[in-house]
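Worksheet for the structure shown next.
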Amino acid sequence: MSNSGHPKDRGRRRGLMLVLSSPSGAGKTTLSKMLLEEFTDVKLSISATTRPPRPNEVDGKDYFFKTPEQFHDMIEANEFLEWAHVFDKYYGTPKADTVARLEAGEDVLFDVDWQGADALHDQMPNDVVSVFILPPSINALQERLSNRPGSTPEIVSRRMEDAKREIMHWRRYDYVIVNDELKAAYQRLKRILLVERLKRLRQLDLEGHVRTLLGED
């Protein structure tokens, strides 16, 4: 698959798992949306969940909706790349769906925290490309959080503490982008994607091409 407006990769390509993490307010969600809008062969990961569907949510598109019993069966069968228990509901990334997308040449975008990033890397280290997004300053981060609808001093204070805990894990990532200017930060993220697509292990036709060059076929 190839996105119009970008050079087509030579031959078949295995997709990659692009894992984005950041403290709340650093711009991860905005950068993710920009990437999904530009690249038609980058797809957002679909999680399984035990929470009920909201209006207009579609099973298999927005989430894979599961009963608690089904979810626990999937845990027992080791069918998740990662999973978590959040506010009495379960969320997890089904391994089969991700692997099918990678084998079809699609890149899968993950919006997770550092623990989710670690779990994904442990499961599929050759496929994960991890990127951490940092704010330009702590004051800029506090201002962004304060300007969110419904923010109160207590909510901002709690989110700032959470942000500092998340930032402490920045060294775990392959790449780090300081989101000091959105367009520039997006260009850095795009370059990471395009370069990682060219990794030798992701170009599936190279072995055959080299054998042909050497007269081995």
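The values are calculated or read from the model by the stated rules, or taken from the named source; none is laboratory data. Keep in mind it's a predicted model, so treat the numbers as computed, not measured. Virtual Cβ from ideal backbone geometry, glycine too; neighbours counted across all protein chains shown.
Things to note:
- Cβ-Cβ distances below 6 Å connect the following pairs, each with a first residue in region 190-217 that is among the charged types (D, E, K, R), a second residue that is surrounded by 11 or more Cβ atoms within 10 Å (Cβ to Cβ), and a separation of six or more residues or different chains: Glu196/Leu16; Glu196/Val129; Arg202/Arg13; Arg202/Arg14; Asp205/Gly11; Asp205/Arg12; Asp217/Arg211.
- Verdict on Asn56 being part of a loop (DSSP other than H, G, I, E, B), over 13 Å from the mean Cα position of the chain (by Cα) and either small (Gly, Ala, Ser) or within 21 Å of Arg171 (Cα to Cα) (or both): no
- Lone unmet requirement of (1) of a type outside the set (A, V, I, L, M); (2) in contact with a Pro (Cβ under 6 Å, 6 or more places away or on another chain); (3) closer than 22 Å to Leu44 by Cα for Phe132: (2)
- Residues in region 171-189 that are surrounded by fewer than 17 Cβ atoms within 10 Å (Cβ to Cβ) and touching a Leu at 6+ places or on another chain (Cβ under 7 Å): Val176, Val178.
- Applying the set (1) part of a helix (DSSP H, G or I); (2) more than 14 Å from Asp111 (Cβ to Cβ) to Leu35 leaves exactly one unmet item: (2).
- When Ala119 is tested against the conditions (1) within 15 Å of Leu20 (Cα to Cα); (2) aliphatic (A, V, I, L, M); (3) out of contact with any Pro (no Cβ under 8 Å at 6 or more places or on another chain); (4) in contact (Cβ under 8 Å) with a residue 60 or more places away in the chain, the lone failure is (4).
- Answer from Val156, Val131 - the residue that is over 21 Å from Ser32 (Cα atoms), among the aliphatic types (A, V, I, L, M) and not in a loop (DSSP other than H, G, I, E, B): Val156
- A single entry from Thr29, Thr93 fulfils the requirement of being at pLDDT below 95, outside any loop (DSSP other than H, G, I, E, B) and surrounded by fewer than 20 Cβ atoms within 10 Å (Cβ to Cβ): Thr29.
- Filtering region 32-68 to residues that are of a type in the set (Val, Ile, Thr) and surrounded by 14 or more Cβ atoms within 10 Å (Cβ to Cβ) leaves Thr40, Val42, Ile46, Thr49, Thr50.
- Qualifying positions in region 110-124 - in a loop (DSSP other than H, G, I, E, B) and closer than 17 Å to Glu79 by Cα: Met124
- Residue check for Phe71: closer than 25 Å to Asp180 by Cβ, buried (at least 19 other Cβ atoms within 10 Å of the Cβ) and out of contact with any Asp or Glu (no Cβ under 7 Å at 6 or more places or on another chain): no
- Within the option set Arg159, Arg188, Arg200, being in contact with a helix residue (DSSP H, G or I) (Cβ under 8 Å, 6 or more places away or on another chain) and under 27 Å from Asp41 (Cβ atoms) holds for one residue only, Arg200.
- Looking across region 84-112, just one residue is without any contact (Cβ under 8 Å) to a residue 24 or more places away in the chain and aromatic (Phe, Trp, Tyr), and that is Phe87.
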